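Student: Dropping the structure in here first, questions after.
The values are calculated or read from the model by the stated rules, or taken from the named source; none is laboratory data. These numbers were taken from a predicted model, which means no experiment stands behind them. Every residue, glycine among them, receives a Cβ derived from its backbone with ideal geometry; neighbour counts consider all protein chains shown. Quick note on the areas: whole protein, heavy atoms, side chains included, nothing else; ligands and nucleic acids left out. Shrake-Rupley method; radii C 1.70, N 1.55, O 1.52, S 1.80 Å.
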Amino acid sequence: MDLAIRTTRVVAAPPPAARRTGPSWLKIFFGGLALWLATVGVTFATGNVNLVPTIILVGSFLVPVTFVAYAFRHADEVVTAQRIFAAFIYGGVLGILGASILEAALLAHVSGVAYVAIGLIEEAVKLGALWLLARRLPYYTRRDGMVLGAAVGFGFAAFESAGYAFNAMFTKSGLSLLNLAETEALRGILTPFGHGLWTALLGGALFATAAYTKKPRLFSGEVFIWYLVVAALHALWDASQPVAVWLMLVLTGTTAQWTMVRLGELPGVTQAQLDLFTVLYWGLLATVGLVGLVLVLVRWRLARQR
């Protein structure tokens, strides 16, 4: 009787990716937060203005660095610490400089159209900075594009927050440490839902274009579509305050208030209207931030499946 000999093929599994080493994002956040709170407390207690740059730098960079550290642990080995650092610093600075030059040259005043233009300009310069920094990677994946894009976006947010905090410190009555601390805290709360998410979406689309050409291409249909999406989110985010004011007046405005608005003057508002404005403003910010977060999570899951 013939004996049938069955053979099996043994397929070697790919080696597991090396785990990232270094402090966790939680340690970075809570350690940095403790340092910032201690610096603020000592500055208020002693009045030593030499500590103001420390407050601005630690407060502005704490949240962006925390989220970049979190994203770094979810990237492939091609995204090294050096590349993350370069994307954060160089991408952030190039984005700030490019946006400042273009906005000064093209925008005379802030209006409804200006918010759209600002969104288009700032997302374009961040996308350009990411493309310059990622031209010579050995390979490209959507996930890595999202991680490097987030690094560029959070770098932009860090330097932008430092500028806002510095400006908030100067008031008509002199230097205000309270304004500085409040601005830093507010910007820290909002930072995770802004530039980092938007540029992460652009980065994933940009790196996806390298699937066939082996190089990321700025001018492609996918990149253009996502560029318009994130620019729209950016514009809605920036316009949340005037939109909240308009909605407040539509819902509760009196004839006298609308008359003053048509004359170009600021109408007086009641405490109830101020409370409604606050709810509307934060509601709009939360909505835009939630949309961006959901888009990033969906794109990240799709990238992992691919």
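Student: Quick one: 3J(HN,Hα) in Hz for the range 177-192, Karplus 6.51/-1.76/1.60 with θ = phi - 60°, rounded, Gly and Pro as x.
Tutor: Those phi angles translate into 5, 5, 4, 4, 5, 5, 5, 4, 5, 5, 5, x, 5, 7, 3, x Hz.
Student: Where in the range 203-270 are there chymotrypsin sites (Phe, Trp or Tyr not before Pro) that are in a DSSP coil and have at most 10 other Cβ atoms within 10 angstrom of their Cβ? All intermediate terms of the calculation are to be shown ahead of the outcome.
Tutor: Numbers: sites: PHE207, TYR212, PHE219, PHE224, TRP226, TYR227, TRP237, TRP246, TRP258; in loops: PHE219.
Hits after loop and neighbour filter: PHE219.
Student: Also, quick follow-up: Calculate one ³J(HN,Hα) per residue across the range 138-155 by plugging θ = phi - 60° into the Karplus curve 6.51 cos²θ - 1.76 cosθ + 1.60, and present them in order as whole Hz with x for glycine and proline.
Tutor: x, 7, 9, 9, 4, 4, 5, x, 5, 5, 5, x, 4, 5, 5, x, 5, x
Student: Using only the alpha-carbon atoms, what does the chain span along each of its principal axes? Please give whole angstrom values in decreasing order.
Tutor: 104, 48, 42
Student: What length, rounded to one decimal in nm, is gained on full extension from LEU190 through to TRP258, with 0.36 nm per residue of separation minus their alpha-carbon distance?
Tutor: 21.3 nm
Student: Accessible area, 1.4 Å probe, largest first: how do TYR281, TYR140, TYR164, TYR90 sort?
Tutor: TYR90, TYR164, TYR281, TYR140
Student: With θ taken as phi - 60° and the coefficients 6.51, -1.76 and 1.60, list the Karplus ³J(HN,Hα) couplings across the range 286-295 in order, rounded to whole Hz; mark glycine and proline as x.
Tutor: Coupling constants for the range 286-295: 5, 5, 5, x, 5, 4, x, 5, 4, 4 Hz.
Student: Of all the stretches in the chain, which is the longest one without any exposed loop site, taking GluC sites (Glu not before Pro) in a DSSP loop (any state but H, G, I, E, B) with at most 15 other Cβ atoms within 10 Å?
Tutor: My reading of the result: 78-264 is the longest stretch.
Student: Which one of LEU51, THR252, LEU233 has its Cα pushed farthest toward the positive end of the charge dipole of the chain, where Lys and Arg give +1 and Asp and Glu give -1 at the Cβ?
Tutor: Farthest towards the positive pole: LEU233.
Student: By its C-alpha gyration tensor, with a ≥ b ≥ c as the square roots of the eigenvalues, how is the range 168-306 shaped: rounded for a/c under 1.5, else prolate for a/b larger than b/c, else oblate? Mind dumping the intermediate values first?
Tutor: On the way: a/c = 2.75, a/b = 1.97, b/c = 1.39.
It is prolate, given that a/c is not under 1.5 and a/b is the larger ratio.
Student: Same structure, new question: Relative contact order (percent) for the chain, with alpha-carbon contacts under 8 angstrom and 6 or more residues of separation?
Tutor: Over the chain, the number comes to 19 percent.
Student: In what sequence, largest accessible area first, do LYS172, LYS126, LYS27, LYS215 appear using a 1.4 Å probe?
Tutor: Descending accessible area places them as LYS172, LYS27, LYS215, LYS126.
Student: Which of the aspartates and glutamates could a cross-linker bridge to LYS126, judged by Cα under 19 Å and excluding same-chain residues fewer than eight apart?
Tutor: Counting by Cα, and skipping residues close in sequence, LYS126 has these aspartates and glutamates nearby: GLU103, ASP144, GLU160, GLU222, ASP238.
Student: When a/c reaches 1.5 or more, the comparison of a/b and b/c decides; with that in mind, is the range 34-125 rounded, prolate or oblate per its Cα gyration tensor? Intermediate results must be reported in sequence, preceding the final value.
Tutor: On the way: a/c = 2.70, a/b = 1.21, b/c = 2.24.
Oblate shape, in that a/c is at least 1.5 and b/c is the bigger or equal ratio.
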